[in-house]
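Engineer: This is the structure I have questions about; it appears just below.
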């Protein structure tokens, strides 16, 4: 097989305590050496990429993505979604189960895996549903899905309302040491709310969902994980109270709990919404207060929140260009996440590149119990290369995913992925997707 | 030339204080015309106005329609029952359809907040919000201000109590900030479940105690409580609500200022937020509000459309 010499990038990986300008030689899909001061023993026929001025990282993973296939291919499909993922600098994504049909049996998991192998630009790890049809009534066949390759289990899209059912799901998950990814939302307390119950609800004259509708469910699920010993991951944390509960649980040390936060909750708050009722700012959980936003950043920095995950939720125009209260919830995220984090957290000095690697590469892999990709000989060459100076205006044309419902349309973002390698193969080169043969 | 800066009236904040006062001034003239035997002016002859009422309404719609007729505008009524929206046509399709018909103004009433803004993005016409969800109802505010100004001689310096289901009321959403802006003090009187999340955002103070606040009020603006939302959840019972927050004869006689006035945007629930004998109290100006509604809406349409191209 061919070899690829990645020359002159700043190579960052806290797992091997690396932050240095070095060459990286990739052979047969694996890293064969990381050499400070230049690679002298690279094969003469190696393709050489000059990456000076760029930053080379272990491949980023987005552990919360809605690829929409099967069933909602008009919003996104495995091909378009993974293309968007590569464009955004990700080498792997975990796909949520709220498709049609729902991914609630082994055959459905196999479908996603085989489709992704055929057409995917990046790796896809399917999640299975916790309950049949995501209806929250009856446990789905977990063993069948584990055998087929499901990475975790989630009813994401809606919370499991019945505490007994969640208890049974966690107890059963212990049999396989399977990860339960919880969408924490008490629907009774949401009571029809479509924005944060705070300033914005009053300002816009729409019903609000209180922070408690999330944190009460977070508290419940942490206690259930404590009771059952299950591995619990809290999806899209949005409130300061939830951060506090997770921090306390981790400090207690007797619960296996992890958590993620979305880029939009890190960089936006409810003040993004005004009387223009832009439905691209309608998401679930809603954008919360400035205080919540600050608590999420703090939680991300101190490790309470393990991963940044986008909750990439593509929708068709006719599902978004509606009355605010009727529009679907969600923003796309795959293509904007990295530059948003680089801009608002790295460039601003709040975090360094090593911490970005922890939260966007190592963190999600640890949560999903995957082997880490490390920048050392013998590791799989899933790599993300960032050009900290590259800029783009987020437009519908610039976004490669089918869903154009980005909360960041019109914004200029700086710090884009330039090149992406999956198993040593370039899927993006100089900001352009490398199309399959 | 339009006599207001904003092309649309979506929220009360679209009108400056001076523009609001000019509406009230013009409405005074129109109100006199409404007392004449021949109640018609040629002002908006040749202008087309659509009343897009996608939620049931009797008084607001009737008021706008009459106001249009008296200004000689051509109006078209499009109501929820006859609407294409029930056949799955989206709001945007409806907007584009009327836009293609070249109408000058659309009055829109809708169940959901922000709908009037959506129309502005798909139409050239002036848009007037006739009430959107639980958000705002700016022309109701203008007629309330007119009535207060007419009966009290001023707005500045008054203390106004808004009593009832405030969080689910589009009336309070427009009225409170406008009153505040014009120098009045606003107090929301209701149990917590009926208070907005952040009352200060609307410029209001909060009280749970009607009896304590009532003696201070110059204007008592009662709002209806929404039956289906009320009993057993937001309040234990209608009876208990009426006992605590209903304006009854005893309260009106013993706690209310002699020169205070009572307003209600309607529809009224007798025996809940207001009793029949209080409706008959000379300090109650509910029908004056309805009367002012036509004149105020004439003033709004005249100021937004009057003298535009074509004249």
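Throughout, read-outs are computed from the coordinates displayed, never taken from laboratory work. Since we're looking at a predicted model, the values are computed, not measured. Virtual Cβ from ideal backbone geometry, glycine too; neighbours counted across all protein chains shown.
Engineer: May I ask you to work out the translational diffusion coefficient for chain A at 25 °C, viscosity 0.890 mPa s, via Stokes-Einstein with Rh from the Kirkwood sum over Cα pairs, reported in whole µm²/s? Before the final figure, lay out each step's value.
Structural biologist: Details: Rh = 21.7 Å.
The diffusion coefficient I find is 113 µm²/s.
Engineer: Angle, helix A:240-252 long axis vs. longest principal axis of chain A, Cα atoms, 0 to 90°, nearest 10?
Structural biologist: Helix A:240-252 sits at roughly 70 degrees to that axis.
Engineer: What is the angle, in °, between the Cα long axis of helix B:138-152 and the longest principal axis of the Cα atoms in chain B? Nearest 10 is fine, range 0 to 90.
Structural biologist: Tilt relative to chain B: about 60 degrees.
Engineer: Still on this structure: Per q in 0.14, 0.16, 0.22 Å⁻¹, report the Debye log10 I(q)/I(0) for segment A:200-257, using one uniform scatterer on each alpha carbon and no solvent.
Structural biologist: Here the Debye-derived log intensity ratios amount to -0.42, -0.52, -0.80.
Engineer: Where Rh is the Kirkwood radius over the Cα pairs of segment B:225-291, the temperature 20 °C and the viscosity 1.002 mPa s, what D in µm²/s does Stokes-Einstein return?
Structural biologist: Details: Rh = 12.7 Å.
For the chosen part, D equals 169 µm²/s.
Engineer: Of the beta bridges DSSP finds with both residues in segment B:138-289, what % are antiparallel, to the nearest 5?
Structural biologist: On the way: 0 of 19 bridges.
For segment B:138-289, the DSSP antiparallel bridge percentage is about 0.
Engineer: Only bridges with both residues in chain A count here: give the DSSP antiparallel percent, nearest 5.
Structural biologist: In chain A, approximately 50 percent of DSSP beta bridges are antiparallel ones.
Engineer: Please label the shape of segment A:260-404 as rounded, prolate or oblate, based on the square roots a ≥ b ≥ c of the eigenvalues of the alpha-carbon gyration tensor (a/c under 1.5 means rounded; beyond that, a/b larger than b/c means prolate, else oblate).
Structural biologist: Values: a/c = 1.92, a/b = 1.56, b/c = 1.23.
Taking the square roots of the gyration eigenvalues as a ≥ b ≥ c, segment A:260-404 is prolate.
Engineer: May I ask you to order A:332-342, A:111-121, A:75-85 by the average number of other C-beta atoms within 10 Å around their residues, highest value first?
Structural biologist: Per-residue mean Cβ counts within 10 Å order the peptides as A:332-342, A:75-85, A:111-121.
Engineer: Normalising by the residue count of segment B:138-289, find the relative contact order in percent from Cα pairs under 8 Å and 6+ residues apart.
Structural biologist: 24 percent
Engineer: Here's a follow-up. Rounded to the nearest 5, what is the percent of antiparallel bridges among the DSSP beta bridges in the protein assembly as shown?
Structural biologist: Among the beta bridges of the protein assembly as shown, antiparallel pairing accounts for roughly 35 percent.
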